[in-house]
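The values are calculated or read from the model by the stated rules, or taken from the named source; none is laboratory data. Please read these numbers as outputs of a predicted model, since none were measured by experiment. Positions of Cβ are generated from backbone atoms using ideal geometry, with glycine treated the same way; all protein chains shown enter the neighbour counts. Each accessible area value is taken on the protein alone, full model and side chains, heavy atoms only, with ligands, DNA and RNA left out. Shrake-Rupley method; radii C 1.70, N 1.55, O 1.52, S 1.80 Å.
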Amino acid sequence: MEELRHRYSGIDRSVDEVVLGCCEQLNDQGGNLARSAALQARYSTSTPGLMVSRFCGSGLDAVNVAVAKVMSGQADLVIAGGVEMLSLFSIFGSGGPMLSDVQFKDQTVGVPQGISADLIATLQGYSRNDVDNFAAQSQQRAYRAWEQGWFSHSIVPVNTGSTLLERDELVRNNVTTESLSELKPSFAKAGEAEGHAEIIRYRYPRVGRLKYVPSRGKFIGDRRWRRIGRYWQPRSLGTVRLAPRARILSTASAADDPCIMLTAPAEATSKALRRLDYGFPTSTFMRSMRRSPRSFCTLWRRRRFRMKRSIQSAELSRWGHPVGATGAMLIGTLIDEMPRREVRRGAVTMCTGLGMGVAAILETV
């Protein structure tokens, strides 16, 4: 927010609202961080703040809420984003009935998200090599993006008098399918020793032996850098001169069985596309690169915005996952990528806790 104020003179006096997503709103992340951030960034004291929480979809929902305010004419300029400090709070660190209420847990038959990924791998026949290969490609694409400087203008170093961090620490250039294959499956112990495999077999009787696939080479962490917009051209908005880079055409949310948990993004995207009279397939992600067990953004080249028969892996952008911030970061990634790849439209979608999914459809302007 400070960088926005430096780049766009007068923005601190023209913002109608700051909307931030955050999954675990507690202690350092509590107390309406959107309002606190506006005050600490020295925006006008009349700038209000709003926090949004939908687990992993919080950042994307923050953008969707901000867009809804603008589309409905209830605001002219809204800053939206997200934050999550996983080094301070674990996922579900603020509690909830999924942890403390035995009756609720029996009724919803939930398991850890990693076990849900293992369930999908078992049901859909994904091998460990399939998943390792996809994860290795993800790291290699991310490394290439950093080396080519594709997002350099959108990344702001973290400073507190001196630079603490200039870029993402998670990206590695030496990740291969072979190196990932040497890691042990991350959820095998939880599945067997903690009884989650038995829960899976109770909920999905057709599952015999659960196949443990994900490893720690594919997982999440803090994102200690910040993304802002670029390529803005002058347009008068009060005392600020801005121009839009993209518009959000449609948004949607959906929900599915909390036990399998990771399948709702496809339905959320399908709902958003149906509002635009566009089609969307319903098969799982890795089988045809069309549906994600985590978060993803994707691009279309077809003039009529019909989904390709199989989206190529090069057209998928996948980064780290600081929970409440990820959705907003993916929006920024997609807006950066669409002009670079000369495509007009794209989508961001992601799963959230308790089996939900969120989506947004974008178009460049």
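Could you look through the stretch 251-281, keep only residues that are among the charged types (D, E, K, R), in contact with a strand residue (DSSP E or B) (Cβ under 9 Å, 6 or more places away or on another chain) and touching a residue at least 12 places away in the same chain (Cβ under 8 Å), and pick out the one that is farthest from Val207 (Cα to Cα)? Working first, answer last.
Of all residues in the stretch 251-281, those among the charged types (D, E, K, R) come to 256-257, 267, 271, 274-275, 277.
Those still in the list that are in contact with a strand residue (DSSP E or B) (Cβ under 9 Å, 6 or more places away or on another chain) too: 256, 267, 271, 274-275.
Checking the rest, the ones that are also touching a residue at least 12 places away in the same chain (Cβ under 8 Å) come to 256, 267, 271, 275.
Values: Asp256: 19, Glu267: 23, Lys271: 29, Arg275: 36 Å.
This residue is Arg275.
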Filter the stretch 11-29 down to residues that are modelled with pLDDT of 90 or more and surrounded by fewer than 19 Cβ atoms within 10 Å (Cβ to Cβ), then give me how many there are.
3
Total residues in the stretch 105-115, condition of a type outside the set (Val, Ile, Thr) and either open to solvent by less than 60 Å² (accessible area, probe 1.4 Å) or touching a Leu at 6+ places or on another chain (Cβ under 6 Å) (or both):
4
Quick check: is even one residue across the stretch 206-221 open to solvent by 50 Å² or more (accessible area, probe 1.4 Å), at pLDDT below 85, small (Gly, Ala, Ser) and assigned to a strand (DSSP E or B)?
no
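Hey, can you tell me all the residues within the stretch 146-199 that are part of a helix (DSSP H, G or I) and among the hydrophobic types (A, V, I, L, M, F, W, C)? Steps first, answer last, please.
We begin by selecting, within the stretch 146-199, every residue part of a helix (DSSP H, G or I); these are 146-148, 152-154, 177-181, 188-193, 196-199.
If the condition is that a residue be part of a helix (DSSP H, G or I) and among the hydrophobic types (A, V, I, L, M, F, W, C), then Trp146, Leu180, Ala188, Ala190, Ala193, Ala197, Ile199 are the ones that fit.
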Return the residue satisfying two criteria in turn: it lies in the stretch 30-47 and is touching a Lys or Arg at 6+ places or on another chain (Cβ under 9 Å) and open to solvent by 50 Å² or more (accessible area, probe 1.4 Å), and of such residues it is nearest to Ala328 (Cα to Cα).
Arg42
Single match in Glu166, Glu147, Glu192 (criterion: more than 30 Å from Arg7 (Cβ to Cβ) and open to solvent by 50 Å² or more (accessible area, probe 1.4 Å))
Glu192
Can you tell me which condition Tyr202 does not meet? The list is (1) of a type in the set (Ser, Thr, Tyr); (2) part of a helix (DSSP H, G or I); (3) open to solvent by less than 80 Å² (accessible area, probe 1.4 Å), and all the others hold.
(3)
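Which ones in the stretch 337-354 are outside any helix (DSSP H, G or I) and out of contact with any Gly (no Cβ under 9 Å at 6 or more places or on another chain)? Full working, then the answer.
Kept after step one, since they are outside any helix (DSSP H, G or I), are these residues of the stretch 337-354: 342-352.
Listed by number, the residues that qualify are Glu342, Val343, Arg344, Arg345, Gly346, Ala347.
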Return yes when Ala264 is open to solvent by less than 30 Å² (accessible area, probe 1.4 Å), in contact with a Cys (Cβ under 8 Å, 6 or more places away or on another chain), of a type in the set (A, V, I, L, M, F, W, C) and at pLDDT 90 or above and no when it is not.
yes
Among the listed residues Phe89, Phe55, identify the single one that is aromatic (Phe, Trp, Tyr) and touching a helix residue (DSSP H, G or I) at 6+ places or on another chain (Cβ under 6 Å).
Phe55
